[in-house]
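All remarks here apply to the structure that follows.
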Amino acid sequence: MKRVLVVTGGGDCPGLNAVIRAIVKRASQEKAWEVVGSIQAFNGILWEPTEIKVLDEESVAGIHYRGGTILETTNKGGPFEWPVENSDGSWTSVDRSDEMIRKINYLGINAVINIGGDGSQQISQKLFEKGLNVIGVPKTIDNDLSATDATFGFQTAVQVATEAVDKLVTTAASHNRILILEVMGRDAGWIGLHAAVAGGADICLLPEIPYDINEVLEKVEERFTKDRGFAIIVIAEGAKPKGGNVSQKETEEVGYGKKKYGGVASALKEQLKEAGCPHDIRETVLGHLQRGGIPVAYDRVLATQYGSKAFEMVLSEDYGHMVSYRHPDIISVPLKEAISHYNTVEESNYLMQAARGIGISFGD
């Protein structure tokens, strides 16, 4: 039997289980292949004892509508930056990639399917350069991978954010308040833009467009007459004011190599108050609600296509490539191309133009 290893890395995402299921069901059509999964990304390979599980049709039955991943996931450490505690209690990292590749070969694994976002696919490329047979599957709710038209999980996150806007509208109107909704999006504001348009927000603040607080206040005041009215603001976690910085902080979590974003809604509230806004302001942070729960039908369909295509790429030995959706086709693109640059919101994007056309302010 030949073996393919499935790995889910980075943040969890609606649709991950649908990809796993599709890989297994497609592989079941080939009698010479067995699918195994590594627990918590590559940790299951690196741990002693090794923690991998056989994935057969019985183990993936009915998981396509479940959120999260049955293989668990992590965005800490990894084969190139494995955290190690020193004798004095401090932490450093070591490169265990060569050891991991030897272990994968020892386990009789012929190919690896790595399901993850930009960071995970950077790991895929580095492992491929070291000789590992790797195929990538794009996964990110931020929709920030430029080599594909869409990533699964994004539409589910947008649906959650839109429902939040819908609910905030009713309470904002009842209390004549300004309601600020903070959504995910560190470098790309796609969730914020889609939710603002779908939910009918008045203001949308994105990482790509530094905002002028006075412009924001002016738009807010358009929504009030003699203190009657309300305003809805959608702000991405990576948004920042002109001449200011992103709301982020260092983290002490071992193996977590990124700064933590958050607090931008609260910061915007204080900026509005300092600019002279007289109205009541409340903020809501969606946070991980955008990642969890049942994937919408679109994400299940896209994830299933990705999983099936990924295994077909294993059969054709299309290693060093990532599955990609280029409407209307599911194709493969080089991993190098996939991680070369972010898919950010551009002014020329039609949805951006439509948003401006219906009067949504971007604070500029």
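Some notes on this structure:
- Quotient of Cα Rg and 2.2 N^0.38 Å for region 189-343, N being how many residues it contains: 1.37
- A simple rule links phi to the HN-Hα coupling: the Karplus curve 6.51 cos²θ - 1.76 cosθ + 1.60 with θ = phi - 60°, which for region 176-183 gives 6, 10, 9, 10, 10, 10, 9, 10 Hz, with x for Gly and Pro.
- Note: region 192-237, Cα convex hull, 71 Å³ per residue.
- Where GluC sites (Glu not before Pro) fall in DSSP loop in region 299-354, at most 15 other Cβ within 10 Å: GLU317, GLU346, GLU347
- Helical mean residue ellipticity (222 nm; -39500 (n - 2.57) per DSSP H run of 4+; nearest 500) of the chain: -10000 deg cm²/dmol
- In degrees, nearest ten, helix 297-315 long axis to first principal axis of the chain (Cα): 30 degrees
- Radius, Kirkwood style, for region 71-131 when every pair of distinct Cα atoms is counted (Å): 13.0 Å
- When you filter the trypsin sites (Lys or Arg not before Pro) in region 1-87 for DSSP loop state and at most 10 other Cβ atoms inside 10 Å of their Cβ, you are left with LYS31.
- Of the trypsin sites (Lys or Arg not before Pro) found in region 108-163, those that fall in a DSSP loop while having at most 14 other beta-carbon atoms within 10 Å are LYS130.
- Rg followed by Dmax, in Å, when the chain is reduced to its Cα trace: 22.2, 75
- With Cα atoms, 0 to 90° folded angle of helix 16-27 axis to the chain main axis: 30 degrees
- Ratio Rg/Rh, restricted to region 102-180 and using Cα atoms, in which Rh is the Kirkwood radius: 1.30
- For PHE152, the residues 5 or more places off, or on other chains, whose built amide H falls under 5 Å of its own are THR140.
- Angle in degrees between helix 264-274 and the longest Cα principal axis of the chain, rounded to the nearest 10: 20 degrees
- All Cα-Cα separations within region 1-148 were binned at 10 Å from zero, giving a P(r) of 11, 42, 35, 10, 2, 0, each value a whole percent of the pairs.
- In region 302-364, the alpha-carbon atoms span a convex hull of 115 Å³ per residue.
- Under 12 Å, Cβ to Cβ, from PHE154 - net charge with Lys/Arg +1 and Asp/Glu -1: -2
- Among beta bridges that DSSP assigns inside region 45-191, antiparallel share in %, nearest 5: 40 percent
- Based on Cα atoms of region 275-318, Rg over Rh with Rh as the Kirkwood radius reads 1.43.
- The portion of the accessible surface of the chain made up by carbon and sulfur, rounded to a whole percent, is 46 (1.4 Å probe; DNA, RNA and ligands excluded).
- Considering region 8-51 at the alpha-carbon level, its Rg and Dmax are found to be 12.3, 33 Å.
- Descending principal axes extents, region 25-76, alpha-carbon based, whole Å: 34, 27, 14
- Antiparallel beta bridges, as assigned by DSSP with both residues in region 200-356, represent about 70 percent of the total such bridges.
- Fraction of antiparallel bridges per DSSP, the chain only, in percent to nearest 5: 35 percent
The values are calculated or read from the model by the stated rules, or taken from the named source; none is laboratory data. Computed from a prediction, not measured in an experiment: that's the story for all the values here. Cβ: placed from backbone, ideal geometry, glycine included. Neighbour counts: every protein chain shown. Please note that ligands, DNA and RNA were not included when accessible areas were found on the heavy atoms of the full protein model with its side chains. Shrake-Rupley method; radii C 1.70, N 1.55, O 1.52, S 1.80 Å.
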